[in-house]
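Here, each number is a calculation from the coordinates, and none is a lab measurement. All of these numbers come straight from a predicted model, not from anything done at the bench. Every residue, glycine among them, receives a Cβ derived from its backbone with ideal geometry; neighbour counts consider all protein chains shown.
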Amino acid sequence: MIKKLVSKNCDLIFLHPRAYFCFLILITVLLGYFYAKLPVDTSVESLIIENDPDLAFYEEFKGQFGEDEFLVVGFESPKIFSTGFLEQIASLTVELEAIHGVKEVISLTNVEDILGTETDFIVQPLVPLASEDSLDIAQIIDRIERNPLIKGNVISENGQVSLFLIRTMEQKDDGDFDARLVAAVTSTFVDYPDMPDDVDFHVAGWLVTDTSMASYMNRDMALFMPLTYLLIAVLLFVFLRNLPVMILSLVNISVCLTWTMAFLYFTGGAMSPMTSILPPLIMALVVSDSIHILQKFLQTPENDLQLRIKEVMQRLAVPCFLTSLTTAIGFSSLGLSDIPPIRHFGLAAAGGMMAEFYLSVTLIPMGLWFWGRKHPIEIQNKVIFSGLNVVSEWTGRKVTTLYKPILVVSLAILALCIYGATQVQVETNLLEYFREGSEIRRDTSFVDSRLGGVNTLEVSLRSSEMEYFLEPANLEKIEKVADYLKSLEVISKTTSLNDFLKQMNQAFNADKQEYHVLPHSRQLAAQYLLLYDGDELSNFVDRDYSWVRISARVTEHSSQKLEHVIADIDRYLTETINDPAITVNITGKTFLVNKLVKGIVDSQVKSLSTAFVVIFMVLLFVFRSFKLGCISIIPNALPIVMNLGIMGLFGIPLNTATAIISAVALGIAVDDTIHFLTEYQQQRSSGVCSSEAIRLSINEKFAPILSTSLILMFGFGILIFSSFIPTVQFGLLCALIMLFAIVSDLVILPAVIMIQYKKK
């Protein structure tokens, strides 16, 4: 069936080449338009599982209390408490507040301080710069010591490190908003003229993480695309040794890439740190069928150009279709993932592989037909280098004679890799996506170590009863939770309604430290809240005093460690808040990102199991032999096990990038297996014995399998130059998988067949 369709397609190309060419141009231009419209999304939210009730609650939580993501600009100086430095901080605060998209800026000069009077208290900025009197630095320091909302939050315990906390407004319809905002904030400090040279500013926060990923991704794209083209062009010329044919292959790659990226747009995807892997991946994969077809064409001794093209296309139609189909199955299995970028990546890549088959059996014959009619394409030797034929024949002899030692060694390596696979850890520490020593890691480390962390875990306590959290008994519940959170090693500071009430109570009682406790009655708490005329409290309690937030700053970024911490917090809340009137939730961006751990594992298991079953059924149908179908699984499972083994043995975590490797590997590795077993069956059908069929198959497929695998190895190897550690790991592991696939298909698979042959 496939042969007939491909043959008919060739006939149409020969009859109407110009019409066919115009059709391809029209489709490519149209899809190129959608490729150009592809959005960019590097936000952490894009990694969060869709339709998740925790995500829905988080959106409601943000609607009440505002964004829990903010920018923190930390700085250090022994001269902070000097009049000149405080004036500079105040000036910078005003400049930052003027930036479009900035909702609020809290700094050392404008942070709210609650001062007691004889009859009540007032809320005013810590540093009254508007006063005509000179600043009383000693009094300012004394106020900080008396206010835990300031000390340890806005300024460090030693008084030499402080920050600007910048709350932003959400701009969902403006994809470039975050990048412009971070750039504006950064340039404010870089261009500020009066700051001492020895003061460095460190900008950190989720927004910085998001925009840094976008910036690095653009750098990677600018680097990978030309590098991949150059590398593939060089390797194609080496393996094909024909410039027009090499150019034809590059055209095929470019068109397929355009179609694939348009498919990414249609799936609802965007360019992200994960999908940025897609272009070099597709470019490398398209080469496989191109080389098989073009090498066979260059080696086919037929004078008539039409017959020569049709003979090659008919001979390779089935294996090329099957390789594209099985690779597409491997990719499409990722479509079962609940994590949007993984799903979009898989579906777009699957569509790209089916487009690759169509273009390979259309664009390549068309190009050969256009060029070959005017410029005869010479027939080449069977192998690229004369020594390659010697190597292939030597490999065939050794495999058919030493198959038992080969299998013993393979089993030993397999056992080691299985052990390594059991050691694989799941980790979504987004900070480790960046190289050690990068600016974002230095800045975040500064804020974590000196200012108690830039990220937060949020605990929500909500009641259906109005003014529920004015009751002292219910305020004590908040206090218990806050005390427990502060006892955890990874949490440096907590802020809640209670902190404000205790500060008000102290101020109302002549600022005596012994009154830094919760008010003893509901009426007193209500009175304090009525007197309070600041703005900061609204970030921690609603108007009805029925919904409160406890914000805990965390210094840990490892998802593994945070997973245990969150589980402990959840257990504590369940056991402690034994009140049916209160609904308790752990939330926040840090919490949601941590949920990726389970999502990644589920995606890996779901996609792999689905891909294995479907590909196995396809291979059974193709080879019409249960035994051969089972044998074909072995060389495809081995690279995956070896990949997981290397990850476990060398401490490479399972993350959003490496989680897709196994499904990708299965789809790719099966290609050469199909080509080899198809050739083996054809040799067997000609009447030769199994050992001879193996030798002939190795000799026939050695060059194309080696050349395509090497191109894929080098294509993936380019990714090691990425700015993202997971992308580097993805490229390195995929390159190793290609090496494993060569050994599996040309050595281990024939050895397994020999075992079956000897049993007869």
remark   = At R0 = 35 Å the Cβ-Cβ FRET efficiency linking V391 and Q756, nearest 0.05, sits at 0.90
inquiry  = Spelling out what I want: for every residue of region 353-358, take phi, set θ = phi - 60°, compute 6.51 cos²θ - 1.76 cosθ + 1.60 (Karplus), and round to whole Hz; glycine and proline get x.
reply    = 5, 6, 5, 4, 5, 4
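Sorted from fewest to most neighbouring beta carbons within 10 Å, what does the list R219, R143 look like? Mind dumping the intermediate values first?
On the way: R219 14, R143 18.
Exposure proxy ranking, most exposed first: R219, R143.
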query = For helix 661-685, what angle does its Cα long axis make with the longest principal axis of the chain, in degrees from 0 to 90 and rounded to 10?
reply = 10
task = Convert each backbone phi in region 515-528 into a coupling constant with the Karplus relation 6.51 cos²θ - 1.76 cosθ + 1.60 (shift: θ = phi - 60°), then list the ³J(HN,Hα) values in order as whole Hz, x for Gly and Pro.
result = 9, 7, 9, 5, x, 7, 9, 4, 5, 5, 4, 5, 5, 4
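Using only alpha carbon pairs under 8 Å that are at least six residues apart, calculate the relative contact order of the chain and give it in whole percent.
Values: 1207 pairs, mean separation 150.8, N = 760.
Relative contact order comes out at 20 percent.
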request  = Taking every Cα atom in the chain, find the radius of gyration and the maximum pairwise distance Dmax, and write them in Å.
outcome  = 32.3, 108
query = At q = 0.14, 0.19 Å⁻¹, what is the log10 ratio I(q)/I(0) for region 601-731, with the Debye formula run over Cα points and no solvent?
reply = -0.73, -1.13
key: Degrees between helix 690-717 axis and first principal axis of the chain (Cα, 0 to 90, nearest 10)   = 30
request  = Give, as a single signed number, the net charge of other residues whose beta carbon lies under 14 Å from the beta carbon of A665, with Lys and Arg counted +1 and Asp and Glu -1.
outcome  = -3
inquiry  = 5 Å is the cut-off here: which amide hydrogens, built 1.01 Å from N in the peptide plane, fall below it relative to D113, excluding neighbours closer than 5 in sequence?
reply    = Q124, L126
key: Least to most buried among S609, S276, S438 (fewest other Cβ within 10 Å first)   = S609, S438, S276
request  = With just the Cα atoms of region 171-316, tell me how far they stretch along each of the three principal axes, in Å, largest first.
outcome  = 80, 34, 17
query = What is the log10 of I(q)/I(0) for region 290-439, computed with the Debye formula using one identical point scatterer on each Cα and no solvent, at q = 0.14, 0.16, 0.17, 0.18 Å⁻¹?
reply = -1.02, -1.06, -1.07, -1.09
inquiry  = Give the aspartates and glutamates whose C-alpha is closer than 20 Å to that of K486, dropping any in the same chain fewer than 8 places away, or say none.
reply    = D68, E145, E157, D448, E458, E476, D499, E556, E563, D568, D570, E575
request  = Relative to the longest principal axis of the C-alpha atoms of the chain, give the angle of the C-alpha long axis of helix 626-649, reported between 0 and 90° and rounded to the nearest 10°.
outcome  = 40
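Kindly flag which residue pairs out of K62/K493; K79/K151; K103/K477; K374/K701 have an alpha-carbon separation exceeding 24 Å in this structure. Can you show the working numbers first?
Working: K62/K493 20 Å; K79/K151 17 Å; K103/K477 31 Å; K374/K701 31 Å.
As for pairs spanning more than 24 Å Cα to Cα, those are K103/K477; K374/K701.
Exposure proxy check: V614, V94, V6 ranked by fewest other beta carbons within 10 Å? Please list the in-between numbers first.
On the way: V614 16, V94 12, V6 23.
The most exposed by this proxy come first: V94, V614, V6.
Report the gain in length on full extension from M617 to T300: 0.36 nm times residue separation, minus Cα-Cα distance, nm rounded to one decimal. Let's see the in-between values first.
On the way: separation 317, 0.36 × 317 = 114.12 nm, distance 3.29 nm.
Contour length minus Cα-Cα distance gives 110.8 nm.
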